[in-house]
Amino acid sequence: MISSLRGRVLHLEPDSVVIDVHGVGYAVAVTAHHARQLHLGDEVFVHTAMIVREDAMSLFGFEERSELDVFGQLLSVSGVGPKSALGVLSALSVDQIATAVADEDDAPFRRVSGIGPKTAKLIVVQLAGKLIAPTRAASGAPLPQGLGAQVAAALVALGWSERVAVDTAETVLADAPAGATVPALLKLALAQLGPSRAERTGV
């Protein structure tokens, strides 16, 4: 069983990549989003699922372990094969899939090419309770985790709306240097929201 690969990109297609691992080229099916991020010659690491059938052996690769886990969960659904599961992950993020299942909303799956209404409903029903949806604020917006959640909570306490707090915390966290503390991140967030408002908070 091949569970991961690390090597250089030899060839790229819109939905697949050939990875050279010590002189051996492995053809790996990937999501469209992943393929767009790769370039010839890049060193790449992928978590892989090896699907063995009577007439073929196929590798499916993912950037994150969470994507591989959801891929496996999708394969457990009646009527969902490897290509359809990869199609779902090409169209929806792991969080979007988990949220749709938690909300019992099959509409996002029906919009995926190759997934019909019946299969979309089965995905929601058969994966219920098996995926962890992201925590959401009262407004329904996903909350950032860890430091971002603390910064967002502080901004809400200072009077900003949850939507503004979440968006600002995510932006600041994405641009922050490694090792940044909550107070430092909060100052950056307040500076982004406007100096006059920051001055009134006394931070």
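If you scan segment 99-118, which residues turn out to be in a helix (DSSP H, G or I) and out of contact with any Lys or Arg (no Cβ under 9 Å at 6 or more places or on another chain)?
Ala100, Ala102, Ala107, Pro108, Lys118 - these are the residues of segment 99-118 that are in a helix (DSSP H, G or I) and out of contact with any Lys or Arg (no Cβ under 9 Å at 6 or more places or on another chain).
Those residues that are free of Cβ contacts under 8 Å to residues at least 12 places away in the same chain and small (Gly, Ala, Ser), I need them from segment 160-187; list them, please.
Ala174, Ala178, Gly179, Ala184
Residue by residue, here is whether (1) in a loop (DSSP other than H, G, I, E, B); (2) farther than 22 Å from Ser3 by Cβ; (3) of a type outside the set (Val, Ile, Thr); (4) without any contact (Cβ under 8 Å) to a residue 60 or more places away in the chain holds:
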| residue | (1), (2), (3), (4) |
| --- | --- |
| Val28 | no, no, no, yes |
| Ile51 | no, no, no, yes |
| Gln96 | no, yes, yes, yes |
| Val124 | no, yes, no, yes |
| Ala128 | yes, yes, yes, yes |
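Which one of these is among the hydrophobic types (A, V, I, L, M, F, W, C), assigned to a loop (DSSP other than H, G, I, E, B) and in contact (Cβ under 8 Å) with a residue 12 or more places away in the chain: Val88, Val77, Val46, Val70? It would help to see each step written out before you state the result.
On the way: Val88 fails: assigned to a loop (DSSP other than H, G, I, E, B); Val46 fails: assigned to a loop (DSSP other than H, G, I, E, B); Val70 fails: assigned to a loop (DSSP other than H, G, I, E, B).
Testing whether each residue is among the hydrophobic types (A, V, I, L, M, F, W, C), assigned to a loop (DSSP other than H, G, I, E, B) and in contact (Cβ under 8 Å) with a residue 12 or more places away in the chain leaves just Val77.
Give the residue, chosen from Val28, Val52, that is outside the structural domain of Ile97 (by TED's automatic domain parsing), farther than 21 Å from Val94 by Cβ and out of contact with any His (no Cβ under 7 Å at 6 or more places or on another chain).
Result of the check over Val28, Val52: Val52.
Can you find even one residue in segment 90-99 that is crowded, with 17+ Cβ neighbours inside 10 Å, at pLDDT below 95 and of a type in the set (Asp, Glu)?
no
From the list Glu104, Glu54, which residue is over 19 Å from the mean Cα position of the chain (by Cα), farther than 25 Å from Ile132 by Cβ and modelled with pLDDT under 95? It would help to see each step written out before you state the result.
Working: Glu104 fails: farther than 25 Å from Ile132 by Cβ.
Sole residue among the options that is over 19 Å from the mean Cα position of the chain (by Cα), farther than 25 Å from Ile132 by Cβ and modelled with pLDDT under 95: Glu54.
Looking only at segment 8-22, decide whether some residue is in contact with a Pro (Cβ under 9 Å, 6 or more places away or on another chain) and either among the small types (Gly, Ala, Ser) or assigned to a helix (DSSP H, G or I) (or both).
Of all residues in segment 8-22, those in contact with a Pro (Cβ under 9 Å, 6 or more places away or on another chain) come to none.
The answer is no, given that none of the residues of segment 8-22 is in contact with a Pro (Cβ under 9 Å, 6 or more places away or on another chain) and either among the small types (Gly, Ala, Ser) or assigned to a helix (DSSP H, G or I) (or both).
The values are calculated or read from the model by the stated rules, or taken from the named source; none is laboratory data. The shown structure was predicted, so the numbers you read here are calculated from the model rather than taken from an experiment. Here Cβ is always computed from backbone atoms with ideal geometry, including for glycine, and neighbour counts include all displayed protein chains.
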